[in-house]
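Q: For reference, the structure I am asking about is given below.
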Amino acid sequence: MTLTAEQEREPGPGLSGADAARPPAEPDRASRRWLRLFGVAFSLAILALSFYVLVRTVATVSWTDLRAAFASTGWDQISLAVLLTCVSYLTLTGYDALALRQLALRVPYRKTALASFSSYAISFTLGFPLITAGTVRYWIYSQSGVSAAKVASLTLISGLTFWLGMGLVIGGALVFDPAGIAEINQLKVWVNLLTGVGVISAIGAYLVLVARGHRRFRFQGLNLELPGFGLTLAQMVLGVVDLCAASSALYVLLPAGHGTPFANFLAVYVFGCVLGIASHIPGGIGPFEMTMLKSLTVPSQEGLLASLLLFRAIYYIIPFVLALALIGAHESMRRWTALREAMRGADEGDAGGT
């Protein structure tokens with residue numbers, strides 16, 4: 001999605017400057033207000049249901065069994081979960097790399113990796129990704145001369161990569177195993193199948209759209225350009241790899257004997273992520289755990305709860321702390337370099353004066 005400062009001021013195709021400046025009609029404002037209210041109500045409903053289920057589940061948990069479940073988790077499981085987490089975050093740096101390519105911006109990969117890793121690690125934990133991730137990205141990329149408008153466009157492209165991958169995973173799961181998913185979401189097999197076909201068809205239509213060159217559109221008054229067919233395919237591959245790596249980090253932590261095929265688990269994981277995003281809760285904490293606890297068949301709830309807590313620590317808390325440390329180190333190094341250059345300039349000035 002390419003965005004320029006000039007495009008920000010463009011009234012857009014078919015609109016004169018006066019038309020663009022005209023305030024929206026009252027029905028449009030009323031419709032948007034009702035949509036916002038519905039979104040808030042939906043988020044609160046997910047939040048209430050999630051914590052209701054969690055409280056009921058935790059009330060039945062034996063804390064002795066929970067400690068035993070932690071103790072029974074092997075270091076091989078933890079090490080593999082850490083490795084898969086690294087793969088997931090490494091894939092996330094590809095989100096920004098593709099976005100920078102679409103925007104025709106040249107930024108060293110080490111800075112791209114820092115901006116991507118830090119923005120995702122912080123936004124995953126704090127929530128509100130458009131604000132938290134956008135702020136971190138702007139603070140780092142602006143040092144390379146990237147404008148705020150370009151950072152906003154980059155954030156949108158990265159978000160599109162995530163949703164393309166998620167849509168492909170959900171659609172594929174519903175199409176290829178509608179009966180298995182029906183055991184999880186309690187819907188009719190034909191409903192799952194039709195939903196999956198609809199999702200895959202929507203992705204296919206989007207691919208046709210960008211392949212035929214229909215890539216420009218307006219969003220919140222901005223003229224944007226979608227990535228082309230080749231970059232869109234790369235986005236989908238990256239999104240799927242990221243989701244598979246992230247979900248695998250939790251899958252390897254599950255207690256022995258759970259018997260859940262990975263394909264079904266991946267679908268549950270994605271559904272949990274969607275509910276977490278819809279709830280607007282930082283890290284999706286609550287809705288995600290509720291989805292896992294109610295959908296997976298495991299020998300004990302204590303073992304599953306222990307796996308979820310370990311996953312939170314490995315995939316969210318440790319990267320969050322590491323991101324803060326990397327940002328602090330980067331800023332300290334940048335200021336130290338600026339100070340040395342200033343001192344060198346002062347010394348050269350003194351030498352020239354003498």
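Q: Among the residues of segment 134-150 satisfying the criterion of being at pLDDT below 85 and hydrophobic (A, V, I, L, M, F, W, C), which is surrounded by the most Cβ atoms within 10 Å (Cβ to Cβ)?
A: ALA149
Q: Where residues in segment 106-128 are crowded, with 18+ Cβ neighbours inside 10 Å and farther than 30 Å from LEU309 by Cβ, which of them is farthest from the chain's Cα centre (by Cα)? So that I can check it myself, show each step before the final result.
A: First, the residues of segment 106-128 that are crowded, with 18+ Cβ neighbours inside 10 Å: 107, 112-125, 127.
After this cut, where a residue has to be farther than 30 Å from LEU309 by Cβ as well, the list is 107, 112.
Numbers: VAL107: 22, THR112: 16 Å.
So, considering only residues that are crowded, with 18+ Cβ neighbours inside 10 Å and farther than 30 Å from LEU309 by Cβ, the one farthest from the chain's Cα centre (by Cα) is VAL107.
Q: Which of the residues that make up segment 238-287 are part of a helix (DSSP H, G or I), among the β-branched types (Val, Ile, Thr) and in contact with a Leu (Cβ under 9 Å, 6 or more places away or on another chain)?
A: Across segment 238-287, the qualifying residues are VAL240, VAL268, VAL270.
Q: Which of the residues belonging to segment 75-111 are within 14 Å of SER153 (Cβ to Cβ) and assigned to a helix (DSSP H, G or I)?
A: TYR95, ASP96, LEU98, ALA99, LEU100, ARG101, GLN102 - these are the residues of segment 75-111 that are within 14 Å of SER153 (Cβ to Cβ) and assigned to a helix (DSSP H, G or I).
Q: Shifting gears a bit: Given the criteria at negative phi, in contact with an Asp or Glu (Cβ under 7 Å, 6 or more places away or on another chain) and either modelled with pLDDT under 85 or among the hydrophobic types (A, V, I, L, M, F, W, C) (or both), does ALA263 qualify?
A: Yes, satisfied.
The values are calculated or read from the model by the stated rules, or taken from the named source; none is laboratory data. Keep in mind it's a predicted model, so treat the numbers as computed, not measured. Here Cβ is always computed from backbone atoms with ideal geometry, including for glycine, and neighbour counts include all displayed protein chains.
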